[in-house]
Amino acid sequence: MNPRPEPVSPSDAALVEAYRAGDQSAATLLVARHATPLGRFLVSSGVGPDEAEDLVQEALFRAFRRIDTWRAEASFRSWLFTIAGNLVKDEYRKRRGRMMVSIEDRDLADHNDPAATLDAKDAEERLAAGLTRLPRLQREVFLLRVNGGVEYEEIAATLGTTPGAARVHFHHAVKRLKELVR
Amino acid sequence: MTCGDLLDRMPVVAAGRGSWSAEEAAHLAECVECREDWALIQQARTLGQAGERVDTGKIQSQVLARLAAARRADRIRRGGWVAGLAAAAAVALMLWRGNIPPTNATGPATTAPTVENFSIPVAELETLDGGQMQAVLENLEAPLSAGGTPDVPNFGDLDNEQLQSILGSMEG
């Protein structure tokens with residue numbers, strides 16, 4: 001007897017189509033699928049964990065309000081990340097350049113060694129600060145690649161560049177961050 | 001394999017969606033630059049972990065509630081437009097048909113002036129005594145003066161040419 005096949009979860013594109021056709025439950029599934037990666041992306045972008053939830057909600061709300069503008073050329077997730085990135089930029093502008101980094105609230109590795117904990121905390125602070133100092137395109141490519149695991153082709157489609165350029169931005173970002181973190 | 005190739009693979013391995021091949025693992029063990037890159041990628045992923053604490057259930061309900069409210073607002077806005085257009089169309093139709101209702105709907109209906117009910121206000125006759133009343137009547141019965149009212153020109157003495165000239169000036 002063959003084992004029962006695993007139920008195939010609908011693709012993002014299928015869920016978006018269903019939502020456009022009036023199926024509200026499709027939105028629930030999309031939120032469940034993307035809220036956590038979106039939170040991760042936002043916190044990596046310099047948003048405090050306490051504010052991340054509000055921004056995740058805002059990004060998803062905005063995405064559903066303009067869902068007709070999503071073309072399946074880029075993945076739904078990277079499109080969401082772009083909306084979230086714009087929100088971060090707006091917040092950054094509102095705060096006149098001060099980022100929302102709140103290192104104290106971050107989850108740090110559980111070290112028994114206080115010195116190691118301090119070192120890790122210090123390194124995280126420098127990395128978070130370094131991310132805010134990267135040019136926007138470099139930062140977005142880096143965060144999409146590292147947090148979203150997004151391929152260069154998709155990043156290129158999302159950010160309006162070429163896969164080759166996205167790769168160069170990623171490599172530059174890593175090099176620059178290493179210098180800033182040292 | 002180059003350091004660049006390995007860097008491209010790092011996010012995939014860091015996310016747990018792949019593992020190092022033997023060649024990659026050997027390169028990583030020997031290359032200081034790549035080990036630094038790898039440490040940075042892992043650290044960047046750790047940085048985002050706090051973002052995983054978001055309450056997905058709460059976000060779901062809040063997003064759906066906001067979307068429902070926005071849809072309601074959209075419907076009301078659209079309804080307002082439709083009502084406004086309908087009212088404008090009704091006004092346009094009435095104007096076109098020349099059938100504008102009185103502006104004061106609660107007041108008495110006004111009637112258009114007609115020959116039958118047209119009247120000129122006159123003095124209160126009830127207050128006049130008999131002699132005065134007689135005088136008024138005689139005055140009314142008396143023929144108009146031969147010359148007519150002073151402000152009306154008497155054209156009787158004008159010849160045809162003069163009359164034609166007056167008519168021409170009246171017509172411009």
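Some notes on this structure:
- Helices (runs of 4 or more DSSP H) contained entirely in region A:1-74, each with at least 2 residues that are within 12 Å of chain B (Cβ to nearest Cβ): A:24-44, A:49-65
- Exactly one residue out of B:ALA26, B:ALA65, B:ALA50, B:ALA14 is closer than 26 Å to A:LEU127 by Cα, modelled with pLDDT of 90 or more and of a type in the set (A, V, I, L, M): that is B:ALA14.
- Restricting the first member to region B:11-25 and to residues that are among the hydrophobic types (A, V, I, L, M, F, W, C), and the second to residues that are surrounded by fewer than 16 Cβ atoms within 10 Å (Cβ to Cβ) and outside any helix (DSSP H, G or I), the beta-carbon pairs closer than 8 Å and six or more apart or on different chains are B:VAL12/B:GLY18; B:VAL13/B:SER19.
- Meets criteria (closer than 18 Å to B:ASP37 by Cα, surrounded by fewer than 19 Cβ atoms within 10 Å (Cβ to Cβ), in contact with a helix residue (DSSP H, G or I) (Cβ under 6 Å, 6 or more places away or on another chain) and more than 8 Å from chain B (Cβ to nearest Cβ)) for A:LEU180: yes
- Residues located in region B:53-72, provided they are part of a helix (DSSP H, G or I), within 11 Å of A:GLU53 (Cβ to Cβ) and at the interface with another protein chain (Cβ under 7 Å from one of its Cβ atoms): B:ARG53, B:THR56, B:ILE59, B:GLN62
The values are calculated or read from the model by the stated rules, or taken from the named source; none is laboratory data. Predicted model only: the values in this text are computed from it and were never measured. No Cβ is skipped: glycine too gets one built from the backbone with ideal geometry, and neighbour counts run over all protein chains shown.
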